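Everything below concerns the one structure shown next.
The values are calculated or read from the model by the stated rules, or taken from the named source; none is laboratory data. Being a predicted model, the structure only gives us computed values, none of them experimental. Using ideal geometry, Cβ is built from the backbone for each residue, glycine included, and neighbour counts are taken over all protein chains shown. Surface accessibility is based on the protein's heavy atoms, side chains included, excluding ligands, DNA and RNA. Shrake-Rupley method; radii C 1.70, N 1.55, O 1.52, S 1.80 Å.
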Amino acid sequence: NWNFPYKIPDNWCWVKLSALSSIISKGTTPPGGKSAYNSDGIRFLRVENINEDGTISHENIAHIDENTHYNFLKRSILQNRDVLISIAGTLGKTGIIYKQDLPLNTNQAIAFIRLASDSINERFIKYAIDSPMSQKMLLGKAKVTAIPNLTLEIIGDCPIPLAPTAEQQRIVNRI
């Protein structure tokens with residue numbers, strides 16, 4: 001039971017992010033931590049590789065070997081259109097994975113949201129999470145320990161004002 005943060009048009013609806021997602025999960029620390037990083041292989045995403053515009057920087061990106069990627073870290077293999085959100089240390093930074101970023105894996109400071117349908121525009125969802133209302137709600141629920149963090153449950157409970165598909169695209173085009 002949650003309150004609607006503000007009034008939206010009649011043809012929109014409030015939904016929890018978890019209802020739009022097939023998976024909300026997070027990355028994993030490779031065995032051996034930083035010593036698992038290689039100079040080449042599968043790119044391994046860290047928060048500092050998410051640019052301010054949500055694209056992925058391939059400069060200074062870590063790499064892991066294929067065995068680690070496909071076996072030990074198989075739970076955190078990223079896919080095209082995954083929406084990212086930083087959940088430890090730096091909170092609420094968002095990004096989107098595209099084909100040119102793949103193959104890619106991610107560490108434990110980044111959660112990924114895999115949308116349940118191709119009709120949901122990943123950029124619309126990123127912009128909704130970036131909105132001041134969503135950021136305030138997410139950061140207000142962050143668990144403050146030695147390192148502030150967001151739980152997957154907090155992310156899944158994030159209310160998203162969902163527009164009809166064509167309107168999502170119009171909004172994305174305007175932004």
In the stretch 12-61, what residues are open to solvent by 70 Å² or more (accessible area, probe 1.4 Å), closer than 22 Å to Asp118 by Cβ and of a type in the set (Ser, Thr, Tyr)? Ser22
Subset of the stretch 130-168 (residues that are open to solvent by less than 10 Å² (accessible area, probe 1.4 Å), over 13 Å from Leu20 (Cα atoms) and either without any contact (Cβ under 8 Å) to a residue 12 or more places away in the chain or in a helix (DSSP H, G or I) (or both)): Ser134, Leu138, Gln168
Only one of Lys126, Lys143 is modelled with pLDDT under 95 and either in contact with a strand residue (DSSP E or B) (Cβ under 8 Å, 6 or more places away or on another chain) or charged (D, E, K, R) (or both); which? Lys143
Looking at the stretch 96-105, is at least one residue under 24 Å from Ile155 (Cβ atoms) and modelled with pLDDT under 95? no
Please go through the stretch 92-114 and give me each residue that is surrounded by fewer than 19 Cβ atoms within 10 Å (Cβ to Cβ) and among the aliphatic types (A, V, I, L, M), ordered by number. Leu102
One residue from Leu84, Leu104, Leu20 being among the hydrophobic types (A, V, I, L, M, F, W, C) and closer than 21 Å to Asn149 by Cβ: Leu84
